[in-house]
């Protein structure tokens, strides 16, 4: 009915926060990494604004797909009140219940997947920083 509105609202907030953080970031954090041969290489960490952009892309993509599915099933129409459930008060209660259960759980699931992506990317960045150190120690 209207479960796509919850991820859409989260996507709007995340987009605003992403733009705000990106405006405050100066440059990507660069680190000097010893390559093991006596020279140093520069490695850039992934900026948090880019990581937050991953979340916004996932939320916007999911919300658009859900909205399309609701249009396909005739639950969203191009005339006021746009949501067919909003025209009848008893259907509106069902719609709000769906938004608070299904919509919230979908938004939380997307955010949880994004957190897993953050943990994986941080682990990869740490491993990339340690790899030259272990190569240098092995020589």
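The values are calculated or read from the model by the stated rules, or taken from the named source; none is laboratory data. Note that this is a predicted model, so its numbers are computed, not measured. Note that each Cβ is placed from the backbone with ideal geometry, even for glycine, and that neighbours are counted across all protein chains shown.
Structure summary
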| quantity | calculated |
| --- | --- |
| Filter result (in contact (Cβ under 8 Å) with a residue 12 or more places away in the chain and over 15 Å from the mean Cα position of the chain (by Cα)) within the stretch 101-113 | 102, 103 |
| Of all residues making up the stretch 10-28, the number that are without any contact (Cβ under 8 Å) to a residue 40 or more places away in the chain and assigned to a helix (DSSP H, G or I) | 11 |
| When residues of the stretch 71-90 are limited to those that are in a helix (DSSP H, G or I) and in contact with a helix residue (DSSP H, G or I) (Cβ under 6 Å, 6 or more places away or on another chain), the one surrounded by the most Cβ atoms within 10 Å (Cβ to Cβ) | 85 |
| Single residue of 131, 137, 93 found to be at pLDDT below 85, out of contact with any strand residue (DSSP E or B) (no Cβ under 7 Å at 6 or more places or on another chain), in a helix (DSSP H, G or I) and over 30 Å from residue 50 (Cα atoms) | 137 |
| Matching residues in the stretch 46-70 - criterion: being buried (at least 17 other Cβ atoms within 10 Å of the Cβ) and free of Cβ contacts under 8 Å to residues at least 40 places away in the same chain | 49, 52, 53 |
| Any chance residue 66 is in contact with a helix residue (DSSP H, G or I) (Cβ under 8 Å, 6 or more places away or on another chain), at pLDDT 90 or above and within 29 Å of residue 16 (Cα to Cα) | yes |
